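Please read the structure below before turning to the comments.
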Ligand code: URA
C-alpha cells in the first residue's frame, strides 16, 4: 500500500472509531489532514469545539493563529500535515486522559507518522511534546530541536497559549521563524540515496560474495 492509501485507511478508521468513550460525545472525529508528501508534520493536542463541528484540525481561533505562524516559516497549510494526539473532542475541552492518549496514538497517530515519514515533527503543546520528550517542560525546551529515533522533533508552545497569554506570542513567532533553517539542516544531513548500480571502480556484488 502507498502512503496515500495508508493515510486514507487511517482517516476512514478514525471517522468510525469507537475505541474509547470520547466517541460518544463527538459530533465528528478529526483524523488530521495534509498532503502525503508533506515534510513537516504538526501535532496538536485534540479537537476543540470548531474542529469537532467540522471534522478538520485547527479550524478555530488557534487554527487562524497557526496559519499566521506557518506563514512566518514560509509555509501554507497545504504544505504540511496537521494531526492531533487524540482525534475526538473531550467533554468541555478537558485534558486528554492517559488511556485516551495511549489508545488513540497507538491506533492512529503513530501509524500516520510511519506512513507520512516526515522530516520534521513540530509538537504543539505539552501533550504532543510528551509523546516524544517525556518528562521535559515545554516552557524550558520550546524551540529547541531534538533528534528522537532518528527524526527531528521541534517542541513548540500550543497556539492557544498565545491566545490566552499574549506574552507567549513572540516566543511562538520566533520558534516558527527558525523552522526553515531547521528543515534545511535535515536536508543537508540526510544520507545520499544509495546508487542504483555499484560504482564502476568496484567489483560487482556477485563477485564480492565469492570470497
Ligand atoms: N487545538 C488542538 O490541539 N488541535 C486542534 O485541532 C485544534 C485546537
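Laboratory data are not the source of any read-out in this text; all were calculated from the coordinates shown. Keep in mind that what you see is a predicted model, and the values were worked out from it rather than measured. Virtual Cβ from ideal backbone geometry, glycine too; neighbours counted across all protein chains shown.
By the count of other C-beta atoms within 10 Å, a proxy for reagent exposure, 17, 88 are ordered fewest to most as 17, 88. Sorted fewest first by neighbouring Cβ atoms within 10 angstrom, 87, 92 come out as 92, 87.
Assign one of three labels to region 1-115, namely rounded, prolate or oblate, based on the Cα gyration tensor with a ≥ b ≥ c the square roots of its eigenvalues; rounded applies when a/c is under 1.5, prolate when it is not and a/b is larger than b/c, and oblate otherwise. Oblate, since a/c reaches 1.5 and b/c is not below a/b. Dividing the summed -39500 (n - 2.57) terms of all DSSP H runs of n ≥ 4 by the residue count of the chain sets its mean residue ellipticity at 222 nm at -11000 deg cm²/dmol. Among beta bridges identified by DSSP and lying wholly in the chain, the antiparallel ones come to about 25 percent. Normalising by residue count, region 1-66 has a Cα convex hull of 92 Å³ per residue.
Can you put 139, 62 in order of Cβ neighbours within 10 angstrom, beginning with the fewest?
So the residues, fewest neighbours to most, are 139, 62.
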